[in-house]
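Below is one structure, written out as structure tokens; the observations come after it.
The values are calculated or read from the model by the stated rules, or taken from the named source; none is laboratory data. Owing to the predicted nature of the structure, the values given are computational and were not obtained by experimental measurement. A quick note on method: Cβ atoms are made from the backbone with ideal geometry, for glycine too, and the neighbour counts reach across all protein chains shown.
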Amino acid sequence: MARPTSMAARRELGEELRRLRGDRRGADVAAALGWSESKLSRIETARTGISDADLDRLLQELGAQAVDRSRFRELAGRGRARVWWAPYRSSVAERYDEYVAFEAEATVMCEWEAQLVPGLLQTDEYAHAVIRAGADVRDEETLERRTALRMARQSVLSRDPAPRLCVVLDEAVLRRQVGGPGVLRRQLQRLYDASRRPGVELLVLPFAAGSHAALTEAFVIFEFADRPPVVHSEDLIGGQLRTKEAEVEVYREAFADLRARALPPGETRDFIARTGEELD
């Protein structure tokens, strides 16, 4: 089984610390330690790691049992470990860092895309064109680093055991000429090949399917072996995370509706092939 990433350790530690804090206000605990409330919040929400010294002070303030402290320290140490995408962090938003961690840990990913090919299935030239179009990309170095990170992320599909990936694409994704006809043609070939890959289910939702339950946003449902699922929905500045059980269930139902309306795998491959031929 894949070793948990530092983000997973941070989240586990943050959840345990939040549980340990109980009904005490975060502002009161932070004040007692001489911290800002935002510092404590960042630790509890896994936005940042915590030093051993700060952890010892926090555990003392929260009244942690001595028997638990070694486990907390072990989680904190793992939470400070360097992750493979660390060299790219300066070029992406904080929320994107967490998204990459979810990809690295998920056992199942269910993704709906209405505009673009998902990053895990993009060619490098398609990714380059998508990233260049971003409103927050202002220099070539950022462009190249983000493209390199996107390509490196795709190795998750080759890990052992590999996650199961189920993607539903709107027909518009196959027809939008990101990067021009040649780039799109090669991207469609990549999709066709990916649809035959073990563990990958690729479905196309044709225009003829009409309205559906996910007209308003693209999203990914991440499922894990050892904790509840989370949903990441897209926006222009990094996206939103949804972890409440009731909210996640809404997205699961929406994805089930999309799968039911989409073309089955064989028909999807035929559709992709015909769309590519139209570009010749």
Given (1) under 18 Å from residue 255 (Cα atoms); (2) modelled with pLDDT under 95, where does residue 142 come up short, assuming only one miss?
-> (1)
Within the stretch 240-280, restricting to residues that are polar (S, T, N, Q) and part of a helix (DSSP H, G or I), the one that is surrounded by the fewest Cβ atoms within 10 Å (Cβ to Cβ) is 275
Output yes when any residue across the stretch 66-73 is exposed (fewer than 14 other Cβ atoms within 10 Å of the Cβ), modelled with pLDDT under 85, outside the structural domain of residue 14 (by TED's automatic domain parsing) and not charged (D, E, K, R), and no when none is.
-> no
Hits in the stretch 1-19 - residues which are in contact with an Asp or Glu (Cβ under 9 Å, 6 or more places away or on another chain), part of a helix (DSSP H, G or I) and surrounded by fewer than 18 Cβ atoms within 10 Å (Cβ to Cβ) | 15, 16, 18
Return a yes/no flag: does the stretch 226-237 have any residue that is part of a helix (DSSP H, G or I), hydroxyl-bearing (Ser, Thr, Tyr), free of Cβ contacts under 8 Å to residues at least 40 places away in the same chain and surrounded by 14 or more Cβ atoms within 10 Å (Cβ to Cβ).
-> no
